[in-house]
Structures are given as structure tokens and as C-alpha cells.
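Data first, discussion second: the structure below is written as C-alpha cells.
The values are calculated or read from the model by the stated rules, or taken from the named source; none is laboratory data. From a predicted model like this one, the values you see are computed outputs, not experimental measurements. Cβ coordinates were reconstructed from backbone atoms using ideal geometry, including for glycine residues, and neighbour counts include every protein chain displayed.
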Amino acid sequence: MSIAGGMHKAILRGEEINCTAIQVFTKSNRQWGGKVLTDQDAKLFKDTWKKSSCVQSIVGHATYLINVGSPKKEVYKKSVIALQDEVRRCTMLGIPYLVLHPGSHLGSGEDVCLKQIAEALDQVLEKHSGAFKILLETMAGQGTGVCHRFEQIAAIFDHMTHKRRLGVCFDTCHVFAAGYDFRTKIGYEDVMEAFDRIIGLHRLKVMHINDSMKDLGSRVDRHADIGKGKIGSDGFKCIFNDERFFDIPKILETPEGTLENYAKNMKVIKRLLSAKTKEELVILF
């Protein structure tokens, strides 16, 4: 949701289409710095959230410029400072999760990059207390980007000291583009079993819900409307009827990015819910 006009406006926009969960950038997603977030801004945001009739979960997303895996010292330094600021902003706003694109090695090698990401995350998290978590997003594997394999994400956890302050955001388009096929019930169960065995389902805190314009294993990140891409409806039917994930915030990132398009995709998703799921969700929410 756009934060144009003030952070609290994102909540009001989410309410227009009855969102139960929204994602926000706490500043421009294409700049290192951002407008100072005041105590008044934070209070208005939290008050608006508290009064919301439908928005229950809010997730933050870090700027795309951050690359804590970069071998370039200046980029690494700027990335750590920017990530610290992102965490501070989320903490001020009461947002419990910050989704982060883990980074790219740019030629330094995956193992070196993964260790460096872990070191940077420890450096940032040791300065903040509480239940707040940074969530590593599963990536598509474009270029020299890491975390397109579950094992790479697990490696970052293994290198971490503050691993309890870390979680995972499961992006459906990225996972599919990286080569994990969950288009059938059997495929879905296999992928989730692998995630649980390698990373742990208890670490999955948020999902990005996107179909994929590109084929399985393409390692190309291009989002499509739900059911209109290469994943298709059945894979999403599995996700939305899996009771293990009923209380996991699910964020639409469909390509058009308008309220009308999000509402259209939400209608498609609701048609995928089984009668049992609808009954259980009424009880939960």
C-alpha cells in the first residue's frame, strides 16, 4: 500500500478493499535516505491501525537498494546503515516484521556472501531488542542474487548469533522461478516438506502471493495476476486451504499495483477457498 500523504494513509487504503494484511515501505523504496519519521507520525499510524475495522497485520519491506552481501565496502556500509534505519522505523511504528531481499554476491561467491549477510544482520539486530524480526525473502535467483535455494537461507541462520530475531518471507513467484514446483497437491507437499526440513516452517512468518510470468526454474522474477501465470490456480488453492498458514499474513504484489487490481485478485483467491476453510476462517477472524 502506498504511503503517499502519510504513513497512516496506507492503512486507510487497505481498508477500502477490506484487507486483513498490508505491506508498506516506511520511506521511498528507491532511495537510501528518507523523510524523518516523527513521534507524531508514529502515533497517528498506530492510532489509525488500532481503530481499523479490518487491517490486522502490517509488514514492512526494506528498500531495494540494500545489499548487505555486497563485496563493495561503500555499498555494504551504506546498506547496514540503511537497514538499521529501516528497523528503527518499523520499531517506532509497531510493525513486527521487515522483509529484506538478502543480497547479491556480485562475483565474490555465494559462501562468502551468505556469511557476510549473517554478520550484517547480527550487527543490526544486536542494537535492537524486543520481538521484532527481519525476514529473509526467498528469491528467484536472478544474476548473482542469493537465497533462491532453501539451503542458502538455512546457511544464513547457521551463521547467525541472533537467529531467533530472523524469519522468512515465502514469495510464491520467486520460489517457483527458482525451481520449486508446487502446482499440484503432491508437488506442494514436497516443497513444504523440503522447506520444513531445511529451514523450518516455524520460521515462515509472511507470504508474498504472486503468480509467475516466467516458467519453472527460469530464475526470472516477473509477477502475474493470480491464476494467470505459469503457476496457475491449483498451487494457490493448496496454500490458501493449508490450515498451518491461516494466520500467516499474505501480501499480494500483483504487477498492476492498483486497489482495483488487488481487489480483483482477492476475489480470485476467495473463490479458491474450500467450504471447510471458509468456516474455519470465520471462527479465526
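Hand me the list of helices (runs of 4 or more DSSP H) wholly inside region 112-201 holding 3 or more residues that are among the charged types (D, E, K, R). In region 112-201, the matching helices (runs of 4 or more DSSP H) lie at 185-198. The C-beta contact set for region 229-252 (first residue over 14 Å from Val268 (Cα atoms), second residue part of a helix (DSSP H, G or I) and of a type in the set (Gly, Ala, Ser), distance under 8 angstrom, 6+ apart or interchain) is empty. Among the residues of region 256-269, how many are touching an Asp or Glu at 6+ places or on another chain (Cβ under 9 Å) and in contact (Cβ under 8 Å) with a residue 40 or more places away in the chain? So the answer is 5. Across region 20-43, the number of residues qualifying as part of a loop (DSSP other than H, G, I, E, B), touching a residue at least 40 places away in the same chain (Cβ under 8 Å) and closer than 22 Å to Met207 by Cα comes to 3. Restricted to region 135-164, and to residues there that are out of contact with any Asp or Glu (no Cβ under 9 Å at 6 or more places or on another chain) and of a type in the set (Asp, Glu), the residue that is nearest to Leu204 (Cα to Cα) is Glu151.
Pairing each residue of region 270-282 that is under 10 Å from Asn241 (Cβ atoms) with any residue that is assigned to a loop (DSSP other than H, G, I, E, B) and at pLDDT 95 or above, provided the two are 6+ apart or on different chains, yields C-beta distances under 6 Å for Ser274/Asn241; Thr277/Asn241. Of the residues making up region 2-19, not a single one is β-branched (Val, Ile, Thr) and farther than 21 Å from Pro249 by Cα. Would you pick out the residues in region 1-48 that are within 20 Å of the chain's Cα centre (by Cα), among the basic types (Lys, Arg) and at pLDDT below 95? Within region 1-48, Lys27, Arg30 meet the criteria. Note on region 123-137: among residues that are under 17 Å from the mean Cα position of the chain (by Cα) and closer than 17 Å to Asn67 by Cβ, the one that is surrounded by the fewest Cβ atoms within 10 Å (Cβ to Cβ) is Glu137.
Can you find even one residue in region 95-107 that is surrounded by 14 or more Cβ atoms within 10 Å (Cβ to Cβ), over 22 Å from Ala154 (Cα atoms) and modelled with pLDDT of 95 or more? Yes, some residue in region 95-107 is surrounded by 14 or more Cβ atoms within 10 Å (Cβ to Cβ), over 22 Å from Ala154 (Cα atoms) and modelled with pLDDT of 95 or more.
Residue-by-condition table, conditions (1) at pLDDT below 95; (2) over 30 Å from Leu166 (Cα atoms):
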{"residue": "Arg183", "(1), (2)": "no, no"}
{"residue": "Met207", "(1), (2)": "no, no"}
{"residue": "Asp242", "(1), (2)": "no, no"}
{"residue": "Glu260", "(1), (2)": "no, yes"}
{"residue": "Glu279", "(1), (2)": "yes, yes"}
{"residue": "Phe285", "(1), (2)": "yes, no"}
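Checking each residue in region 51-66 for being within 16 Å of the chain's Cα centre (by Cα), surrounded by 18 or more Cβ atoms within 10 Å (Cβ to Cβ) and not in a strand (DSSP E or B) picks out Ala62, Thr63, Ile66.
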